[in-house]
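Shown next, in structure tokens, is the structure this report addresses.
The values are calculated or read from the model by the stated rules, or taken from the named source; none is laboratory data. The model shown is predicted, which means the values in this text are computed figures rather than measured ones. Cβ placement follows ideal geometry from the backbone for every residue including glycine, while neighbour counts extend to all protein chains displayed. For the accessible areas, the whole protein counts, side chains as well, though only heavy atoms, and no ligand, DNA or RNA atoms are used. Shrake-Rupley method; radii C 1.70, N 1.55, O 1.52, S 1.80 Å.
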Amino acid sequence: MTDKSHGTGGLTFDKSKRAWPNEFNIFIALLLIIFIFEALGQLLPYMKGQSMLFDFNTKRDGTILNMARIKIIILQVSIIGIIALGVTQVIIVGGIDLSSGSIVGATAMISMSFAQTELVNGNPNPKAIFGSWAMDLPIILPIAVGLVCGVIAGSINGLLIAYTRIPPFIATLGMMVSARGVAKWWSKGNPISFPTDEYAAISNGNLIDGLTFGLFSDSWVMTQVFDGQNPAIYFLLLAILFHFVMKYTVYGKHTYAIGSNEDAARMSGINVAWHKVMVYAMAGMLAGFAAILLTSRNVTAQAGMGFVYELDAIAMAVIGGVSLAGGRGSIIGTVLGAMIFGVIISGFTYLKLDAFYQEMVKGGIIVAAVVLDQWRQRRAAMKA
Amino acid sequence: MSDEIVLKTEDLTKHYGGVHALEGADFELKSGEHVAIMGDNGAGKSTFVRQITGVEQKTRGRIWLYGDEVNFAGPLDAREAGIETVFQTLALADDLDVPDNLFLGREMTKWNWLGPFRLLDYKRMREATVAGLERTAVKIPNIRNTIRNMSGGQRQCVAIARTATFHSRLTIMDEPTAALGVQETAQVENIVRQLKEAGEPLILISHNMRQVMDLVDRIIVFRRGRIVANLDRRETDGQDVVAYITGAKTGADYAGAA
Ligand SMILES: Nc1ncnc2c1ncn2[C@@H]1O[C@H](COP(=O)(O)OP(=O)(O)O)[C@@H](O)[C@H]1O
Ligand SMILES: [Mg+2]
């Protein structure tokens, strides 16, 4: 009975061969980074023992957590995090998307121009793009326009990549430049402002309060956790949705399969070209949704919106363990990657480092994440 | 062995630009029969397989499966028609586990109204995988393991178990044991014997003379894109086959071939 696995056809379960999920490592990295910042807060003399995430003394927000900062960290990464959910799928399918930031810019301008209100304080909207026919439209319209814009841009990426065999890097680089051009051309470079109240409420309202019919309006959770956090709530809901999609649907399985071995996927009868179009369209749609949240939050749209968001989104995914070689990674990983990204960026603000240091370090994080991924790939290749 | 013809090709030809990889192949496989295809590297064996399985589009010629003429648009068509193939370059996705690979492209699903977002029925696929592996006595420590973490032999067994899991009308294996050790090779050969007992027809491409002599009924020799011999295993021997492979001999019926 030395060889129990024989004849049981895979029923045996070798615990030693069970992989430790990569997401655990990333979560531990997140905790470690938080710990480092907290330690620096205690050690650096000029910080005077401040804590980043905790607030033991005043308990201002009714907990020992510094809710204000935690909310800012989460809010900061939410909109780019939503883009990262799409970018994750693109990278898993074996591609890359450099156009998401520009798609945000173009979509921001276009959808905002259908979200304007006719009268501002009784005067005609000074930033009006279209005539009164496009004013005070039902909120569903600018949202639909924004999502459709994203889908169109993403589909163009996908069609170029799948049917002309241009490398994804080049195709989406072209889209990055062109979509930014569209953003600037749309209103001749002018910002588009003064949306309807409903549009502004997409990001600035309290979604959970609305969904619970205001029953818990005065509760601690509602005032301290969910208030002003709509983008974060959308991020969380979409992350859960796409976690499910990637793990439990045919779409998700084929995305992993193509990124893992495109020829095998093709020989198995998967329509690889069409699947890629779907994935890039999905990424475009998520970028479009991010644009809606961003313009709603800022109650204005500008042609430069979303600048280099694509790199932040890619960094979040790669930090979260999504392999640039394709086939590996997860939505949970990307959400953790987004958190790490957010903690590092606000950690630098907390340590009172100047903004230009932040940018330099951000560049460093992106490179470090890619180096880490290369290292993981080499290790995986050695195992195989 | 009945006389029903499982697979028949006539004048099957494939040119890659100027390369005549396969030229005028006439081939027949009878019900329950196991046939080996032998020949040097580059002789056109894999090309022949790719034309029958719809992976590539033939330049010329006709193919019949169980009497019906077929024109596969892609590999899925061939698979749906009942041809299961273990390709020489393993068609496995490294980052997926065993059931995922077995059912890749033909997943068991529920909630099919969701279209591309229909749900995977993991439980049923796992059960079918375990059943398939049991039938072939393939040893895999943990089917939830990704293919990346498996040995060459285990990978090959997964690819072969895939053909055995689905009820196939014709199985094709392209050099299934080329990269395997002795024990792993024996395991693959056991699967082949089981197919024989079950009366399932097989085309086996192999360089291993002992294996071919042990397993098959008939040997077809390819040389430079052409079929040069069609030998009954009982009426030939290793030396004879090698003579055909190297070109020292050419079958009587194939005198016109190069
Ligand atoms: N996609 C292709 N393009 C051009 N030539 C090819 C292609 N595939 C195979 N060939 C050529 O066709 C010939 C037969 O190859 P193949 O069928 O793979 O041989 P075998 O499997 O018998 O070793 C070889 O000369 C090979 O170089
Ligand atoms: Mg070959």
In whole Hz, with x marking every Gly and Pro, tabulate ³J(HN,Hα) for segment A:278-283 from phi via Karplus 6.51 cos²θ - 1.76 cosθ + 1.60, θ = phi - 60°. 4, 5, 5, 5, 4, 4
Once the whole set of protein chains is in place, how much accessible area is left on B:ARG169, using a 1.4 Å probe, in Å² to the nearest 10? 90
Can you compute the radius of gyration and Dmax for the protein assembly as shown, using only the Cα atoms, both in Å? 30.4, 102
FRET efficiency, B:GLU28 to B:ARG234 (Cβ-Cβ, R0 30 Å, nearest 0.05): 0.95
With every protein chain left in place, what is the accessible area per residue of the protein assembly as shown in square angstrom, probe 1.4 Å? 45
Shielding of B:128-140 by partners, i.e. mean partner chain Cβ atoms within 10 Å per residue? 4
With θ set to phi - 60° and the Karplus curve 6.51 cos²θ - 1.76 cosθ + 1.60, what are the ³J(HN,Hα) couplings of segment B:69-81 in order, to the nearest whole Hz, using x for Gly and Pro? 5, 10, 9, 6, 7, x, x, 5, 4, 5, 5, 5, 6
By accessible area of protein heavy atoms, probe 1.4 Å, what ranking do B:GLU56, B:GLU80, B:GLU127, B:GLU10 get, highest first? B:GLU80, B:GLU127, B:GLU10, B:GLU56
For A:ASP373, the net charge from surrounding residues (Cβ-Cβ under 11 Å; K, R +1; D, E -1) works out to +4
How many angstrom lie between the C-alpha centres of segment A:233-304 and segment B:118-133? 26
When the Cα centres of segment A:332-384 and segment B:63-78 are compared, how far apart do they sit, in Å? 51
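Ignore the peptide's own chain and count Cβ atoms of other chains within 10 Å of each Cβ in B:90-103; give me the average, rounded.
Partner-chain Cβ atoms within 10 Å, mean over residues of B:90-103: 5.
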Among beta bridges that DSSP assigns inside chain B, antiparallel share in %, nearest 5: 60
Could the peptides A:362-368, A:270-276 be put in order, highest first, of the mean number of other beta-carbon atoms found within 10 Å of their residues? A:270-276, A:362-368
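At 1.4 Å probe size, put B:ASP217, A:ASP373 in order of accessible surface, largest to smallest.
B:ASP217, A:ASP373
Just from its helices, what would the mean residue ellipticity at 222 nm be for the protein assembly as shown, if runs of 4 or more DSSP H residues each count -39500 (n - 2.57) and the sum is divided by every residue, rounded to the nearest 500 deg cm²/dmol?
For the protein assembly as shown, the value works out to -16500 deg cm²/dmol.
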How many percent of the accessible area of segment A:75-383 is carbon or sulfur, using a 1.4 Å probe? 68
List every residue whose amide H lies under 5 Å from the amide H of A:ASN66, counting only residues 5 or more places away in sequence or on a different chain, with H placed 1.01 Å from N in the peptide plane. A:PHE54, A:ASP55
Average beta-carbon neighbours from other chains, 10 Å sphere, peptide A:267-275: 6
How large is ³J(HN,Hα), in whole Hz, for each residue of segment A:171-183 in order, when computed from phi with the Karplus curve 6.51 cos²θ - 1.76 cosθ + 1.60 and θ = phi - 60°, using x for Gly and Pro? 4, 7, 5, x, 5, 4, 6, 5, 5, 5, x, 4, 4
Once you order the gyration tensor axes a ≥ b ≥ c over the Cα atoms, which shape class does chain B get: rounded for a/c under 1.5, otherwise prolate or oblate by comparing a/b with b/c? prolate
Go through segment A:164-239 and name the chymotrypsin sites (Phe, Trp or Tyr not before Pro) that are in a DSSP coil and have 10 or fewer other Cβ atoms within 10 Å of their Cβ. A:PHE213
What does the net charge come to around B:ALA81 if you take all other residues with beta carbon closer than 11 Å to its beta carbon, with K and R at +1 and D and E at -1? -2
Keeping all protein chains in place and using 1.4 angstrom, which order do B:ARG155, B:ARG210 fall into by accessible surface area, from largest down? B:ARG210, B:ARG155
Carbon and sulfur %, accessible surface of segment B:5-254 computed with the full protein complex present, 1.4 Å: 48
Solvent-accessible area buried by pairing B with A, both sides, nearest 100 square angstrom, 1.4 angstrom probe: 3200
